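Below is one structure, written out as structure tokens, with a few remarks after it.
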Number of protein chains: 2
Amino acid sequence: MSTNKQDEKIKLVKDLLKSLKEVGDVAELKKKFKDVIASVSPSEIVAIEQQLVREGVAITDILKLCDLHVELFKEYLQPRVLEGVPEGHPLDLLMRENIYILKVSESLSLYASTLKMVEDVEQMRKYLDGLVGMLRELRNVRLHYRKIQMLIFPYLERRGITTVPRVLWGREDRALTMLRQTLELVERLGSSESLDVGRVGEVATKAVELAKEFSELVFRENKILFPATWALFSEGEWVAISEIADEIGWLVDVGERRWRPNAKPVLPYELEVRISDSDIGKLPPEFRTTALAGGLEPDTYKIASEGDLNLGTGFLSPEEVKAVFRSLPLEITYANLDDRVKFFSESSIFKGFVRTKTIIGRKVEYCHPPRLEAFVMQNVKSVKNGEAPYKEYWTRIGGKIVRVLIAPVKGEDGKLLGVLEVVEDMTEIINKAEEIKKKIVVL
Amino acid sequence: MSTNKQDEKIKLVKDLLKSLKEVGDVAELKKKFKDVIASVSPSEIVAIEQQLVREGVAITDILKLCDLHVELFKEYLQPRVLEGVPEGHPLDLLMRENIYILKVSESLSLYASTLKMVEDVEQMRKYLDGLVGMLRELRNVRLHYRKIQMLIFPYLERRGITTVPRVLWGREDRALTMLRQTLELVERLGSSESLDVGRVGEVATKAVELAKEFSELVFRENKILFPATWALFSEGEWVAISEIADEIGWLVDVGERRWRPNAKPVLPYELEVRISDSDIGKLPPEFRTTALAGGLEPDTYKIASEGDLNLGTGFLSPEEVKAVFRSLPLEITYANLDDRVKFFSESSIFKGFVRTKTIIGRKVEYCHPPRLEAFVMQNVKSVKNGEAPYKEYWTRIGGKIVRVLIAPVKGEDGKLLGVLEVVEDMTEIINKAEEIKKKIVVL
């Protein structure tokens, strides 16, 4: 970019900022300065912003520019094939989340590059604070990638498209790991009274990289992943994605939903679909190349066997129900609303109180010595009444330190079904708490 | 007892002891000295034993006398109605356990009363050691009462006999609580270098009481409880009791079983039985009075509902299975042998890793970023191979310290069915280990 041309652009941007301060309404400015902003390419924006900082323009004003810039960028962000995505559709919301991610990334980048320029320690602190604020805000984006990884990818995998999700998850993971490391670096900065300028520079460099990583992810999703899913997924799949995504939560305000699907939710395991040639034609070229490399053999695995219970969150055969209870590190005794023992489990990892099949159907009050009857029944009663979400007490069994929980058992509608006693050996954890703290790894 | 008569008896007992040393075979002596021993009443035995100690007879020799005494006492211990109980029948074994309990109690009593007599500190220590040994041995008797409380009582309760079990359990509990307290008293003795004579006396007094309590229980069971159960319980009930009692374990060597029942095991909840008038006639009078006071309304409660799963250790409806998993303080994810996610649970007490219905049927390796794929699959593999009973690691979720277990899931036949991930929040326990230690109560 020639200096002349850049000077010209800087002047234009300054005018824009001035108007932004006066007008305040981004939509109106968008119309007015459309050509100006559109002429500033992503690669130029950082240089111009830095120049503005050098000239003394307040960084908060420049951040407004970011908003505007991203707003105008939308057209590029949202490829034409996705224009038909209705408001409130999961793809619409995911793309809106990407705008949020892009804004935070741009702000982060601006703070970081400014931080690299300044030498005054006071100013350094100021920009560092801004940078850290953006890093912290970026942590929220895990919510976005969780939806991609857990809701979008499984439907691709089911179609035999496994490389694209693995590669993308790898990049997302790299970006999020880098974010964590940068925040750890910041943590170490904060603990010392005087700023270590070298370290600050390191943080700034990391932050610039990080911003680039996330922008890159935004573009990959919007230009490649989302168009592919839009071409491939059925309405029922989007309904399932939408329902679960709402439970996970969104980074953006969902607002009014224009999308009114009629299909029933379809989960990946219910899907048996081979990608047709015409579908392949609709895929973005980058996606097509990677996806087809895997051979596109659809996954037709049947997860439920005959006789399995459908438990809502999966399937278990009666044998598996029994076996799963045996594999738990705790033992339970369940009494129904009539205070009758209806079920107990025995763990192969830990032996708690002895219970025998002869207590099935027994009144709970008769399961303890008379001395403890009132205590036990009071606990049961207060849990049944909802006076306590659960009761906890600590005792010993043999040489072991054991936690006993008394918890209510409720149906999906919240209706009380009974009361559960949960007994778990915590000896090792209690006695080796400090050692365990040292064993913690963040994976 | 006149002094003359007592002197005579003491002489006889001394002769007996001498012979015991020479002959060694209790059975033979039993024949020879039957009349001598039978003439010594339970109330005289303590006085005679103390006299022997005073005269310098070694306490170990006197303990042999206890054995012999109990042996001869058997006839009194085992009422005529129980003569037909076959060897190896649960009642036979329970009565043999009672002989064991009686022997330990008598020895305890002997040590305690001797301890009260001696003044020499060295001797005191010696008898105290003997006493403590017996107290420790007495702790084993919990195994006996557990079988009474969990295997015998439920069948009585089902018949509407509830007072007898409650009263007996109350006494058993009192004796065992007293035992615990006495042992705690002893613990405090041991910590000081010089013996606190007053405290030793206190322990001795407690020990005498304790021995009396347990002897009392033995007689109540043998004379009242056991004859009643023998009159009332069907073979199928005894089969169930026998099977489970074998799992709990016995205080005595079971030896060869002469008892060969043909009936199928019958559990209390399967029982619907009203005590007939002719049955009532067969009950020991003491039992009859207490039992009839309750009105004898049989318990006909049906524990299983239609559609319930029979899980071996009780019944759960599919709704209850789901609800119980929600009430656990942990969350699980289960993958089958094909490494496919088949089920996950969500706890209402603790939220761990986010899992969604879209992962049902998903390959386990695709549930994590590529960076962790090898780590996860290595854990799964080593658990499947049986290289480790389970794998444990510690990590963070948000601000929480979380334990992750990877455990094999096995059928009753030991066949591997799949692998379980168990995620549990241990933050409070790790951070408040010392406080929790103070909260422990032995109930």
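The values are calculated or read from the model by the stated rules, or taken from the named source; none is laboratory data. Predicted, not measured: the structure shown is a model, and the values here were computed from it. Here the Cβ is made from the backbone with ideal geometry for all residues, glycine too, and neighbour counts use every protein chain on show.
Let me spell it out: the conditions are (1) farther than 30 Å from B:Pro227 by Cα; (2) within 14 Å of chain A (Cβ to nearest Cβ); (3) loosely packed, with under 14 Cβ neighbours inside 10 Å, and B:Leu183 meets all of them except one. Which number is the exception?
In the conditions (1) farther than 30 Å from B:Pro227 by Cα; (2) within 14 Å of chain A (Cβ to nearest Cβ); (3) loosely packed, with under 14 Cβ neighbours inside 10 Å, B:Leu183 misses (3) alone.
Could you check A:Ile401 against (1) closer than 29 Å to B:Asp246 by Cβ; (2) within 10 Å of another protein chain (Cβ to nearest Cβ); (3) touching a strand residue (DSSP E or B) at 6+ places or on another chain (Cβ under 7 Å) and say which number it fails?
Unmet condition: (1).
Going through region B:281-293 one residue at a time, which ones are within 20 Å of B:Arg166 (Cβ to Cβ) and either outside any helix (DSSP H, G or I) or touching a residue at least 12 places away in the same chain (Cβ under 8 Å) (or both)? Before the answer, list the steps.
Step one: of region B:281-293, the residues within 20 Å of B:Arg166 (Cβ to Cβ) are B:283-293.
Across region B:281-293, the qualifying residues are B:Leu283, B:Pro284, B:Glu286, B:Phe287, B:Thr290, B:Ala291, B:Leu292, B:Ala293.
Suppose the filter is more than 7 Å from chain B (Cβ to nearest Cβ) and touching a Ser or Thr at 6+ places or on another chain (Cβ under 6 Å); does A:Ala388 pass it? Quick ask: steps written out before the conclusion?
Values: more than 7 Å from chain B (Cβ to nearest Cβ): yes; touching a Ser or Thr at 6+ places or on another chain (Cβ under 6 Å): yes.
So A:Ala388 passes the test.
Quick one: in region A:187-226, of everything that is under 23 Å from the mean Cα position of the chain (by Cα) and under 17 Å from A:Thr114 (Cα atoms), which residue is surrounded by the most Cβ atoms within 10 Å (Cβ to Cβ)?
Here is the first cut: in region A:187-226, the ones under 23 Å from the mean Cα position of the chain (by Cα) are A:187, A:206-226.
Next cut, under 17 Å from A:Thr114 (Cα atoms) only: A:206-212.
Details: A:Lys206: 20, A:Ala207: 30, A:Val208: 19, A:Glu209: 15, A:Leu210: 23, A:Ala211: 27, A:Lys212: 14.
Looking at residues that are under 23 Å from the mean Cα position of the chain (by Cα) and under 17 Å from A:Thr114 (Cα atoms), I get A:Ala207.
Is it the case, given these coordinates, that B:Leu251 is under 19 Å from B:Arg80 (Cα atoms), at pLDDT 90 or above and assigned by TED's automatic domain parsing to the domain that holds B:Tyr155?
Working: under 19 Å from B:Arg80 (Cα atoms): no; at pLDDT 90 or above: yes; assigned by TED's automatic domain parsing to the domain that holds B:Tyr155: yes.
Against the criterion (under 19 Å from B:Arg80 (Cα atoms), at pLDDT 90 or above and assigned by TED's automatic domain parsing to the domain that holds B:Tyr155), B:Leu251 does not qualify.
Return the residue satisfying two criteria in turn: it lies in region B:342-365 and is part of a helix (DSSP H, G or I) and surrounded by 20 or more Cβ atoms within 10 Å (Cβ to Cβ), and of such residues it is farthest from the other protein chains (Cβ to nearest Cβ).
B:Val364
What single numbered condition from (1) surrounded by 18 or more Cβ atoms within 10 Å (Cβ to Cβ); (2) facing chain B (nearest Cβ under 8 Å); (3) of a type outside the set (Lys, Arg) fails to hold for A:Tyr393?
Unmet condition: (1).
Report whether or not A:Ile401 is outside any helix (DSSP H, G or I) and either modelled with pLDDT of 95 or more or not assigned by TED's automatic domain parsing to the domain that holds A:Lys322 (or both).
Numbers: outside any helix (DSSP H, G or I): yes; either modelled with pLDDT of 95 or more or not assigned by TED's automatic domain parsing to the domain that holds A:Lys322 (or both): yes.
Against the criterion (outside any helix (DSSP H, G or I) and either modelled with pLDDT of 95 or more or not assigned by TED's automatic domain parsing to the domain that holds A:Lys322 (or both)), A:Ile401 qualifies.
Looking at (1) crowded, with 20+ Cβ neighbours inside 10 Å; (2) over 31 Å from the mean Cα position of the chain (by Cα), which is the one condition that is false for B:Val321?
(2)
I need the full set of residues from region A:51-85 which are loosely packed, with under 12 Cβ neighbours inside 10 Å, assigned to a loop (DSSP other than H, G, I, E, B) and either on the phi > 0 side of the Ramachandran plot or modelled with pLDDT under 75 (or both), in order please.
Correct list: A:Gly56 only.
For region B:148-170, state whether one or more residues are more than 19 Å from B:Phe233 (Cα to Cα) and at pLDDT 95 or above.
Yes, region B:148-170 contains a residue that is more than 19 Å from B:Phe233 (Cα to Cα) and at pLDDT 95 or above.
So if I check each of B:Leu210, B:Leu189, which one is farther than 19 Å from B:Val167 by Cα, touching a helix residue (DSSP H, G or I) at 6+ places or on another chain (Cβ under 6 Å), away from chain A (no Cβ under 14 Å) and in contact (Cβ under 8 Å) with a residue 12 or more places away in the chain? Working first, answer last.
On the way: B:Leu210 fails: farther than 19 Å from B:Val167 by Cα.
Going through B:Leu210, B:Leu189 in turn, just one is farther than 19 Å from B:Val167 by Cα, touching a helix residue (DSSP H, G or I) at 6+ places or on another chain (Cβ under 6 Å), away from chain A (no Cβ under 14 Å) and in contact (Cβ under 8 Å) with a residue 12 or more places away in the chain: B:Leu189.
Does B:Glu137 count as assigned by TED's automatic domain parsing to the domain that holds B:Gly249 and either in a loop (DSSP other than H, G, I, E, B) or within 20 Å of B:Thr229 (Cα to Cα) (or both)?
Details: assigned by TED's automatic domain parsing to the domain that holds B:Gly249: yes; either in a loop (DSSP other than H, G, I, E, B) or within 20 Å of B:Thr229 (Cα to Cα) (or both): no.
When the stated conditions are applied, B:Glu137 does not pass them.
Answer with yes or no whether B:Thr229 is of a type in the set (S, T, N, Q) and surrounded by 15 or more Cβ atoms within 10 Å (Cβ to Cβ).
Details: of a type in the set (S, T, N, Q): yes; surrounded by 15 or more Cβ atoms within 10 Å (Cβ to Cβ): yes.
When the stated conditions are applied, B:Thr229 passes them.
Working only within region A:259-278, note down all residues that are crowded, with 16+ Cβ neighbours inside 10 Å and part of a helix (DSSP H, G or I).
Answer for region A:259-278, where residues must be crowded, with 16+ Cβ neighbours inside 10 Å and part of a helix (DSSP H, G or I): A:Pro268, A:Tyr269, A:Glu270.
Quick one: is A:Ser382 free of Cβ contacts under 8 Å to residues at least 40 places away in the same chain, in contact with a helix residue (DSSP H, G or I) (Cβ under 9 Å, 6 or more places away or on another chain), in the same structural domain as A:Thr427 (by TED's automatic domain parsing) and hydroxyl-bearing (Ser, Thr, Tyr)? Before you say what the answer is, go through the steps one by one.
Numbers: free of Cβ contacts under 8 Å to residues at least 40 places away in the same chain: yes; in contact with a helix residue (DSSP H, G or I) (Cβ under 9 Å, 6 or more places away or on another chain): no; in the same structural domain as A:Thr427 (by TED's automatic domain parsing): yes; hydroxyl-bearing (Ser, Thr, Tyr): yes.
Taking the combined requirement at face value, the residue does not satisfy it.
Please find, among A:Ile48, A:Ile37, the residue that is at pLDDT 70 or above, within 18 Å of A:Glu106 (Cα to Cα) and either crowded, with 16+ Cβ neighbours inside 10 Å or among the β-branched types (Val, Ile, Thr) (or both).
A:Ile48
Scan region B:426-440 and give yes if some residue there is at the interface with chain A (Cβ under 8 Å from one of its Cβ atoms), at negative phi, in a strand (DSSP E or B) and not small (Gly, Ala, Ser), otherwise no.
There is no residue in region B:426-440 that is at the interface with chain A (Cβ under 8 Å from one of its Cβ atoms), at negative phi, in a strand (DSSP E or B) and not small (Gly, Ala, Ser).
Filter region B:296-337 for residues that are acidic (Asp, Glu), more than 7 Å from chain A (Cβ to nearest Cβ) and outside any strand (DSSP E or B); which is farthest from A:Tyr334 (Cα to Cα)?
Looking only at region B:296-337, we keep the residues that are acidic (Asp, Glu), and these are B:297, B:299, B:306, B:308, B:319-320, B:331.
Keeping just the survivors that are more than 7 Å from chain A (Cβ to nearest Cβ) gives B:297, B:299, B:306, B:308, B:331.
From what's left, outside any strand (DSSP E or B): B:297, B:299, B:306, B:308.
On the way: B:Glu297: 25, B:Asp299: 20, B:Glu306: 18, B:Asp308: 14 Å.
Ranking the qualifying residues of region B:296-337, first place goes to B:Glu297.
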